[in-house]
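Written out below as structure tokens is the structure these notes cover.
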Amino acid sequence: MNERAAIGGADAGLGIRELIELARSIELPDGPAIKNAAVREKIADWHIQAEGLKYTGFRSITALSKGQTPGPENSITKAVSAARGQDLAAFAMELMEMGGILRDDALVPYAAGFQEQWISSPASRIAGGTDEILRNIIAERVLGLPGEIRVDKDIPFNELPTGAG
């Protein structure tokens, strides 16, 4: 859980402010990207996610301040923030069009920060628990859904059947 908190709670990389500035500086065929309804909708969605992540983080801090162990909040935070960072960076690169493939920090806005964020994003979706593991935790511990069937749940690891011998 500590690893999930560190990975999901860290506001690493570029975010909404930088994306808004980028959208203001890019011209689309119909005018500045920031005036485009689709661009504004995506920015609004990511802002809403950021606010949800902030308040979910407050729940963990509150539990810790009371001497309690946080629940699965960090799994939610990590699952949402890792995908959000990847999607936000990919969208910023799309806005840059052909410039989005460049990684020369002298030629690209924000010293190619969106490009670097996108390239490193798969690691953040694996570290601290893959998206699939986090979805299982959220389904079982938050939503109260039945757990996956695990026929080997009560068998010690060294007694599990293998293909050898």
Can you name every residue in segment 120-140 that is free of Cβ contacts under 8 Å to residues at least 60 places away in the same chain, under 30 Å from L95 (Cα atoms), surrounded by 14 or more Cβ atoms within 10 Å (Cβ to Cβ) and among the hydrophobic types (A, V, I, L, M, F, W, C)?
none
Whether any residue in segment 68-75 is under 20 Å from the mean Cα position of the chain (by Cα) and within 20 Å of R17 (Cβ to Cβ) is what I want to check.
no
Would you be able to say whether some residue in segment 92-101 is over 21 Å from A50 (Cα atoms) and either of a type in the set (F, W, Y) or under 14 Å from the mean Cα position of the chain (by Cα) (or both)?
no
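Here is a yes/no grid of residues against (1) loosely packed, with under 14 Cβ neighbours inside 10 Å; (2) under 30 Å from P72 (Cβ atoms); (3) of a type outside the set (S, T, Y); (4) modelled with pLDDT under 95:
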position	(1), (2), (3), (4)
I7	no, yes, yes, yes
L14	no, yes, yes, yes
P29	yes, no, yes, yes
N36	no, no, yes, no
E41	yes, yes, yes, no
A44	yes, yes, yes, no
E51	yes, yes, yes, yes
Enumerate the pairs (first residue in segment 141-165 and under 24 Å from P72 (Cβ atoms); second residue anywhere and surrounded by 10 or more Cβ atoms within 10 Å (Cβ to Cβ) and among the acidic types (D, E)) with beta-carbon separation below 9 Å, excluding pairs fewer than 6 apart on the same chain, so at least 6 apart or on different chains.
V142/E73; P146/E140; G147/E140; E148/E140
Any residue in segment 61-82 that is closer than 22 Å to E140 by Cα, modelled with pLDDT of 90 or more and among the hydroxyl-bearing types (S, T, Y)?
no
Here the residues within segment 26-79 that are among the basic types (K, R), under 20 Å from S124 (Cβ atoms) and assigned to a loop (DSSP other than H, G, I, E, B) are none
Considering only segment 107-117, I want to know if a residue exists there that is at pLDDT 90 or above, over 15 Å from L19 (Cα atoms) and of a type in the set (A, V, I, L, M).
no
Among the residues of segment 116-132, how many are charged (D, E, K, R) and under 12 Å from the mean Cα position of the chain (by Cα)?
2
Subset of segment 90-100 (residues that are surrounded by fewer than 23 Cβ atoms within 10 Å (Cβ to Cβ) and part of a helix (DSSP H, G or I)):
A90, F91, M93, E94, L95, E97, M98, G99, G100
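The values are calculated or read from the model by the stated rules, or taken from the named source; none is laboratory data. Everything quoted here is computed from the prediction, not taken from an experiment. Using ideal geometry, Cβ is built from the backbone for each residue, glycine included, and neighbour counts are taken over all protein chains shown.
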